[in-house]
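Data block below; observations after.
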Amino acid sequence: MWSVFKKEITSFFTTPVGYLVMGLFLVLTGLFLWVFKGPFNIFDYGFADLSLFFLLAPWIFLLLIPAVTMRSFSEERKLGTLELLLSKPLSTFSLVMGKYLGAFILVLTAVIPTLLYVGTIYELGTTAGNLDTGLVWGSYMGLVLLMAVYTAIGLFTSILTENQIVAFMGGILLCFLSYYGFESLATLFPDGQGALAIQKLGMKAHYERISLGVLDSRDLVYFGSLTAFFLFLSVNRLNRISS
């Protein structure tokens, strides 16, 4: 597993891919939060907090993470190197986890520089330091869990096809449905309890609850189970290809 992980990390940072993903994420969030006028502009918002960043980040990652993972297995299948990997004394689980961790660490690295936003907001308040740090760290925890699921989904769609564009579009679609699909579906039900139950099936409701600074074990189990489910599907699909 670790050999695959090292190979993935090396390939990301010895090519422009890793730097492009990190740069694009930081540029987009920076422009929307500090430059462009609109609903995500912190100066227009009038409050010194990072809630707008945590509203924006899931939508940017919905595009960026499938772009990172689309080549993970699709490229291997297209070049015919997947069979070579499968012939090595390496379990399919180790292969999937190595590629998963490589992609996840890359997107996690892209988030680290946004800690500068915390320092900036900390100083921007009417009273310096008037920032709910518990809320901020809870929101970061929710974002990391969301990224973990997005990465597992992107990896799964990558293993389904040799075409990277199809894997990319499939990853976007599945991430969107998992994040916002149930929220939209809930609007079709007039019953408040029924709508609430449907909303809880989607990631958005759990993400927003963690972003309030409330670390509920049910939310942690939800994200952990969803990540494990898509990793299981990836391993199962890889077993079928290798057999």
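The values are calculated or read from the model by the stated rules, or taken from the named source; none is laboratory data. Everything quoted here is computed from the prediction, not taken from an experiment. Heads up, the Cβs are rebuilt from the backbone with ideal geometry, glycines too, and the neighbour counts pull from every protein chain shown. Heavy atoms of the whole protein, side chains included, go into the accessibility calculation; ligands, DNA and RNA do not. Shrake-Rupley method; radii C 1.70, N 1.55, O 1.52, S 1.80 Å.
For region 172-182, 3J(HN,Hα) computed residue by residue from phi via the Karplus equation (6.51, -1.76, 1.60; θ = phi - 60°) reads 4, 4, 5, 5, 5, 5, 5, 7, 10, x, 5 Hz, glycine and proline entered as x.
Projecting the Cα atoms of PHE13, ILE112, ASN236 onto the dipole axis of the chain, where Lys and Arg carry +1 and Asp and Glu carry -1 at the beta carbon, places ASN236 farthest toward the positive end. Dipole of region 1-100 computed with +1 at Lys/Arg Cβ and -1 at Asp/Glu Cβ about the Cα centre; of LEU26, VAL4, VAL68, farthest Cα towards the positive end is VAL4.
Packing, taken as the mean count of other beta carbons within 10 Å per residue, orders the peptides 34-47, 67-80 from highest to lowest as 67-80, 34-47. Applied to region 147-157, the Karplus parametrisation 6.51 cos²θ - 1.76 cosθ + 1.60 on θ = phi - 60° returns per-residue 3J(HN,Hα) values of 4, 4, 5, 3, 5, 5, 5, x, 5, 5, 5 Hz, with x for Gly and Pro.
Stretching the chain fully between LYS200 and LEU20 yields a gain of 61.4 nm (0.36 nm per residue, less the alpha carbon separation).
Please list, or write none, the lysines whose alpha carbon is within less than 28 Å of the alpha carbon of LYS78, excluding same-chain residues fewer than 8 places away. In chain and number order, the partners are LYS6, LYS7, LYS88, LYS99.
FRET efficiency for the SER243 to MET169 pair, using the beta carbon distance and R₀ = 22 Å, is estimated at 0.20.
When you restrict to C-alpha pairs under 8 Å that are six or more residues apart and normalise by the size of region 1-143, the relative contact order lands at 38 percent. Between the helical axis of 51-69 and the longest alpha-carbon principal axis of the chain there is an angle of about 10 degrees.
Evaluated with a Cβ-only charge set (Lys, Arg +1; Asp, Glu -1), the chain carries a dipole of roughly 760 debye about its Cα centre, given to the nearest 20. The slack in the chain from LYS7 to ASP44, taken as 0.36 nm per residue of separation less the alpha-carbon distance, amounts to 8.9 nm.
Counting only protein heavy atoms and a probe of 1.4 Å, the accessible surface of region 23-163 is 69% carbon and sulfur. Heavy atoms of the protein chains alone define the surface here; on that basis region 108-243 has 50 Å² accessible area per residue at 1.4 Å probe size. With respect to the chain, whose longest principal axis is taken over its alpha-carbon atoms, helix 115-124 is tilted by about 0°. Summed over the residues of region 16-75 and divided among them, the accessible surface reaches 44 Å² per residue at a probe radius of 1.4 Å. Positive-end ranking of ASN41, PHE176, LEU56 along the dipole of the chain, with charges on Cβ about the Cα centre, is headed by PHE176.
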